[in-house]
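The values are calculated or read from the model by the stated rules, or taken from the named source; none is laboratory data. Remember, it's a predicted structure, so these values are computed and weren't measured experimentally. Here Cβ is always computed from backbone atoms with ideal geometry, including for glycine, and neighbour counts include all displayed protein chains. Protein only, heavy atoms only, side chains kept; ligands, DNA and RNA dropped before computing areas. Shrake-Rupley method; radii C 1.70, N 1.55, O 1.52, S 1.80 Å.
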Amino acid sequence: MMKNKTFKTFRVEEKEGQAWVTFDNPPVNIQDIPMINELNILAEDLENDRTIKVVVFQSAHPEIFIAHAGTNFLKEMSTKAVAREDIALLDLQKVLQRISKLPQITVSKIEGFARGGGHEFALATDMRFAARGKAVFMQMEVGMGILPCGGGSSRMARQIGLGRALEVILSAKDFDADQAEAYGLINRAVDADKIGAFVEDLVNRMSQFNSDAIEAAKRTIYASIDLPIEEALKEEAYWLYQATSKSPAIKRFTLADDTGFQNDIENQRNFETLLMGLQGVN
């Protein structure tokens, strides 16, 4: 996929269905125009790659995930109000929305500051894990006279509810991994010396699963946020058939039925072994 490409603001390592993207944009990993442009190229590559199943975003900087969005493009924004009918999405919004819609599982591994656009980037990924004592979050934009404009104002209430989103955005205060976990902004806060192994184990597991099943599950779960339950169930059925038409699921069900796996009490007690064993049936 990206083996012949060199990015300047991050590097990409591919292995066994995984892409590990390490932000490295000295001195402090600002989310500037070059990074936004390169993320757009990365997203396009990933959209067309069915061999990659999980994408992990992490940082080479020991104290910073992504610092914040660059003032180099914010200073170019209009100082005159724009009519609603003339509004176009900002480049940052478009790129992070593209990241959020990738067919792969996306994971943010956060071991430092993730303020402003850095936090908004994490919110655009499917899962977020943060290191205790290292990760720091903030939406500072209201304190600077604007509002979160990389999807933060739009995604946060969907993630944690109205009151907490208003608190995070309108207070413009730092908060740590444990508060982020309590509010639901991240999946888990993990001890700093354990987060590497934790994320790697999870990613190794998820990258064994079928790419079509992964995409179908993602599309269904995201659609369920905005749809009435009846429509959400239809979406669930639609994506089920997309998965069974492409994945080896039916072969696996047939094998389990023909061999009586499902009726064996030992297989119920050790379902993990059965589940992972069936991954080899293609």
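The table for this structure:
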quantity: Among L92, L233, L102, residue whose mean-square fluctuation peaks in a GNM of the chain (springs only between Cα atoms under 10 Å); calculated: L233
quantity: Directionally averaged shadow of segment 1-155, computed from the convex hull of its alpha-carbon atoms, nm²; calculated: 9.6 nm²
quantity: Ellipticity estimate at 222 nm from DSSP helix runs (n ≥ 4, -39,500 (n - 2.57)) divided over the chain, nearest 500; calculated: -13000 deg cm²/dmol
quantity: Charge dipole of the chain about the Cα centre (unit charges at C-beta), most positive-ward option of S59, N37, G150; calculated: N37
quantity: Viscosity 1.306 mPa s, temperature 10 °C, Stokes-Einstein D of segment 110-176 from Kirkwood C-alpha radius, µm²/s; calculated: 134 µm²/s
quantity: T6, T106, T259, ranked by accessible area, largest first (probe 1.4 Å); calculated: T6, T259, T106
quantity: Cα pair distances in the chain, grouped into 10 Å bins until the bin that holds the longest one, percent each; calculated: 6, 25, 33, 23, 10, 3, 1
quantity: Separation of the Y238 and Q279 label points, Cα + 7 Å toward Cβ, nm; calculated: 3.0 nm
quantity: Sorted peptide list for 57-66, 239-248, criterion being average Cβ within 10 angstrom, highest first; calculated: 57-66, 239-248
quantity: Computed E for R11/N263 - FRET, C-beta separation, R0 45 angstrom, nearest 0.05; calculated: 0.35
quantity: Given charges at beta-carbon only (K, R positive; D, E negative), |dipole| of the chain in Debye; calculated: 340 debye
quantity: Sites matching trypsin sites (Lys or Arg not before Pro) across segment 181-231 that sit in DSSP coil, with at most 14 neighbouring C-beta atoms within 10 Å; calculated: K194
quantity: Mean projected area in nm² (Cα convex hull; one quarter of hull surface) for segment 201-246; calculated: 3.4 nm²
